[in-house]
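Input: a single structure, listed below in structure tokens.
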Amino acid sequence: MPGADSPYDVVVWGATGFTGRLTAEHLAAAAGPDLEWTIAGRTPAKLEALREDLADVDPALAEMEYITGDATDRESLDAIADQTDVVCAAVGPYADYGTPMVEACLDAGTDYCDLTGELQWMRETVESYHERATDEGVRIVHACGFDSVPSDLGTLLVQTHAMETFGAPCSTVRANVSLDGGGFSGGTATSMVGLYEALEDDPALARALDDPHALVPEGHPDGSAAVRGSLPQYDHEAGTWTAPFFMAEVNEKVVHRSNALRGYPYGRSFAYHESMATGGGPIGAALAGAVTGGLALVDQVMSVDPLRQRLDRYVLPDPGEGPSRQAIEDGGFEVRLRGTGAAAEGGDVFTVEGRISSDQDAYGTSGVLVGEAARCLANGDVDSPLDGGVLTPASGIGMPLVERLREAGLTITVDDR
Ligand SMILES: NC(=O)c1ccc[n+]([C@@H]2O[C@H](COP(=O)([O-])OP(=O)(O)OC[C@H]3O[C@@H](n4cnc5c(N)ncnc54)[C@H](OP(=O)(O)O)[C@@H]3O)[C@@H](O)[C@H]2O)c1
């Protein structure tokens, strides 16, 4: 539980980065005087410039005292973790810079949330720190950005509705992600490059990427199988063509870890399937083909070291860069989750549909998602059977985050038929 003595409720570490800045801007606009929070990072001049910008949003922040903390200087990280109830970490790639802050938070008994979607690093922290974090009641909550909040909380929302309405969970949830606008940041690009480098060094990682239960602690639950497709498909129920979604490999593992850590409320043979929706008709079909082909090509190029290095140097955005403000504001996404199951009484088949949408792109929304996750942790606004551990949004925070996200402007609905 958050301590009462820390001067801050939340410290955003890496606030000078592309997504860290969006997170700080969200807190400046939304948190109000009830939240004691500040920014931290490794470069004082950038922190000062950010503080000036934040003061334009909330003049009270002009006097905000920032904290300096470099991932290579453990003492500086201890100083951050000691001063706050929650560290909201936006320093990435996490596989390069994340571990010392997780350790600092464990030593200080400080809760933690981040934006990681790096499977190789999550496996490492699960293996190294889950037991200790569980024993010591510290919440280390990964994947609180666009990856994997809509997938993970969306599934919890659908399953909670199914259990309340039909007395049984859905045996399958199928999520279709629609993106309006695109683009990615330098931090995401560097993290992606890091994953392909790790794949070269660690053949077991390739097997883990293919295994939807790679983050499930006790091994595979009985009976559930990978349901990820690698080709364009037509989803008759939703009336749309679908292509593989590039973050499905991570999101499905987070969803299954949530189910396992919460004690299998979705059932031990629950299956989760995530795709990208490209629309109906011939245009939807052509788009699904193009997305599928494009992803396969990127995968081929990224798998060859010299090509990957060239792509990184000449094509991909540099750290600190990302989509323009206009692109963030003009963008958006919708995740539609369709769960099916059989009612506890009578066995009638039912369908539950959840929707999560945002009128900002994935980066603008990630700042909101991780900022609200941090606020939930700081306020003890959590509904989970677990007091600590290396957790996911649904297992570390749960439904209170859904409510906060609605208040923050996301559209989140659930219905059945
Ligand atoms: N899952 C999601 O949906 C999602 C969404 C967005 C981002 N992300 C992830 O979040 C991470 C950040 O992405 P981004 O695009 O915001 O990256 P970015 O713009 O490159 O920002 C990186 C941040 O890390 C800081 N940093 C780098 N090395 C450091 C060190 N040794 N010690 C302390 N701070 C250090 C940078 O500080 P300086 O400013 O001083 O250089 C900067 O604040 C990436 O891993 C990305 O994949 C995930």
*Please list 346-358, 60-72, 91-103, 262-274 highest first by mean number of surrounding beta-carbon atoms within 10 Å per residue.*
91-103, 262-274, 346-358, 60-72
*So what is Rg over Rh here for segment 8-135, counting just Cα atoms and using Kirkwood for Rh?*
0.97
*How would you rank LEU337, LEU295, going from fewest to most other Cβ atoms within 10 Å of each one's own Cβ?*
LEU295, LEU337
*When the dipole is taken about the Cα centre of segment 310-370, and only Lys, Arg (+1) and Asp, Glu (-1) are charged at their Cβ, what size is it in debye, to the nearest 20?*
200 debye
*Got the relative contact order for segment 143-284 handy, in percent, Cα pairs under 8 Å and 6 or more residues apart?*
35 percent
*For segment 135-204 and segment 92-133, what is the separation of their C-alpha centers, rounded to whole Å?*
16 Å
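Summing +1 for each Lys or Arg and -1 for each Asp or Glu, what net charge is found among the other residues whose Cβ lies under 12 Å from the Cβ of VAL368? Show your work: numbers first, answer last.
On the way: positive: ARG375, ARG404, ARG406; negative: GLU25, ASP359, ASP361, GLU372, GLU407.
Counting the neighbours of VAL368, the net charge comes to -2.
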*State, to one decimal in nm², a quarter of the convex hull surface area for the C-alpha atoms of segment 278-372, i.e. the direction-averaged projected area.*
10.6 nm²
*Estimate the FRET efficiency between SER269 and TYR234 by the formula 1/(1 + (r/R0)^6), using the beta-carbon distance for r and 35 Å for R0, to the nearest 0.05.*
0.85
*Compute log10 of I(q)/I(0) for segment 110-182 with the Debye formula, placing one identical point scatterer on every Cα and leaving out solvent, at q = 0.14 Å⁻¹, to two decimals.*
-0.65
*Could you tell me what fraction of 2.2 N^0.38 Å the Cα radius of gyration of segment 321-403 comes to, as a two-decimal ratio?*
1.43
*For the chain, what is the per residue volume of the convex hull drawn over the alpha-carbon atoms, in cubic angstrom?*
135 Å³
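Highest mean first, how do 16-22, 166-172 rank when packing is the count of other Cβ atoms within 10 Å averaged over residues?
Details: 16-22: 24.4, 166-172: 19.6.
Ranking, from highest mean packing down: 16-22, 166-172.
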_Rounded to 5, percent antiparallel among DSSP beta bridges of the chain_ = 55 percent
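According to the square roots a ≥ b ≥ c of the eigenvalues of the Cα gyration tensor, what is the shape class of segment 192-346, taking rounded for a/c under 1.5, prolate for a/b larger than b/c otherwise, and oblate for the remainder? Please list the in-between numbers first.
Details: a/c = 1.91, a/b = 1.29, b/c = 1.48.
Oblate is the answer for segment 192-346, as a/c is 1.5 or above yet b/c matches or exceeds a/b.
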_Whole-number percent relative contact order across segment 307-357, with pairs defined as alpha carbons under 8 Å at least 6 apart_ = 29 percent
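Values quoted throughout were computed directly from the atomic coordinates according to the rules given, and no laboratory measurement underlies them. Please read these numbers as outputs of a predicted model, since none were measured by experiment. Don't worry about glycine lacking a Cβ; one is built from the backbone with ideal geometry, like all the others, and counts go over all protein chains shown.
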